[in-house]
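The values are calculated or read from the model by the stated rules, or taken from the named source; none is laboratory data. As the structure is a prediction and not an experimental result, all values here were calculated from the model. Cβ atoms come from the backbone with ideal geometry, glycine included; neighbour counts cover every protein chain shown. Just so you know, the surface numbers come from the protein's heavy atoms only, side chains and all, with ligands and any DNA or RNA stripped out. Shrake-Rupley method; radii C 1.70, N 1.55, O 1.52, S 1.80 Å.
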Amino acid sequence: MTLRLCQRPRASCGACCGLYNAQDHGREAAAPLLRRRTERLRRTERTLPAFRAAAAALAAEGPAPLFRSVRVCPLLGYLDEAESRVGCLAHPLANGGVELRAAGVYDVMTCEMFLCPSHAWLTEEEAALCEACTTPDWHLYGLVVTDVEFLRSALGAVAALTGARVEARHLTRQPFRQALARLLALKQELAPGSDGLFGAFKPGRDGGEVRRTIDYEALARETSPYDTILTCVGADPRSGNDLDALEDEVQRRLQACERAFRLPGPG
Ligand code: SF4
Ligand code: SF4
């Protein structure tokens, strides 16, 4: 079965359309931007020239991309009135069958065929766990589903504490699901412009991605037992984040997961 990550029954992602590719990647900045685009495109005639003109006007409003190698498409918006689902507003399914993606930053074939690396790495079970923990937050889902190392290391750290692999049935217990969601939400709570936004990578001088590491030697301390999680959330002091504070926070949230896991209940 083909793994589906972009539009799932309860989750949606727009990361490869540039959703987080801005200095301020937080939900508070992204949500009004998506609303503005959605409202503008709803009023736009369903023709390529009209969509191209609207896309140009929206692109001129910004924001500037943080990674120059990743484009920011102004045709990404909300697919529903409740603003619970992000997606392509130029897709035929959003336009009564009219194909308008050529007005975006890629050609139609690229938009149609592209699958991010998570499709090759994640299992359906991991994708379902990510969906269950982040619903109904599209902002968090996209941040986590595109950071395989972070998701895996977080689930692995919880399993190491509880002695049991995290399974979908465990998430039917609300306290545990909420505690796990809090752990994953570390991705969402970083300071604007934080290196942690793109997982273990940072923008290079040429606009490409460069792997990040935490220089424990320079800090004269041992490698953290949560090194992968911390690297993925940008806990390198050189990035401006506080390594010790983030390490403590990771530990606190992991312990909360363990406590919630051990609460009596079904599953
Ligand atoms: S980043 Fe991956 S999961 Fe997200 S929309 Fe793009 S291809 Fe889909
Ligand atoms: S046109 Fe392509 S890049 Fe733009 S929002 Fe749609 S799928 Fe994403």
Take His91 and decide whether it is within 14 Å of ligand 1 (Cβ to nearest atom), in contact with a Lys or Arg (Cβ under 9 Å, 6 or more places away or on another chain) and over 20 Å from Leu140 (Cβ atoms). yes
Open to solvent by 70 Å² or more (accessible area, probe 1.4 Å), within 25 Å of Gly62 (Cα to Cα) and more than 15 Å from ligand 1 (Cβ to nearest atom): does that describe Asp107? yes
Cβ-Cβ below 7 Å, separation at least six or inter-chain, first residue in the stretch 14-40 and more than 11 Å from Gly142 (Cβ to Cβ) and open to solvent by 60 Å² or more (accessible area, probe 1.4 Å), second within 16 Å of ligand 1 (Cβ to nearest atom) and not polar (S, T, N, Q): which pairs? Gln23/Leu66; Arg35/Tyr78
Considering every residue within the stretch 50-72, establish whether at least one is touching a residue at least 60 places away in the same chain (Cβ under 8 Å) and not in a loop (DSSP other than H, G, I, E, B). no
Within the stretch 214-223, identify whether any single residue is touching a Ser or Thr at 6+ places or on another chain (Cβ under 9 Å) and at pLDDT 90 or above, and answer yes or no. no
When every residue in the stretch 45-87 that is in contact with a strand residue (DSSP E or B) (Cβ under 7 Å, 6 or more places away or on another chain) and open to solvent by 40 Å² or more (accessible area, probe 1.4 Å) is compared, the one farthest from Pro136 (Cα to Cα) is Leu66
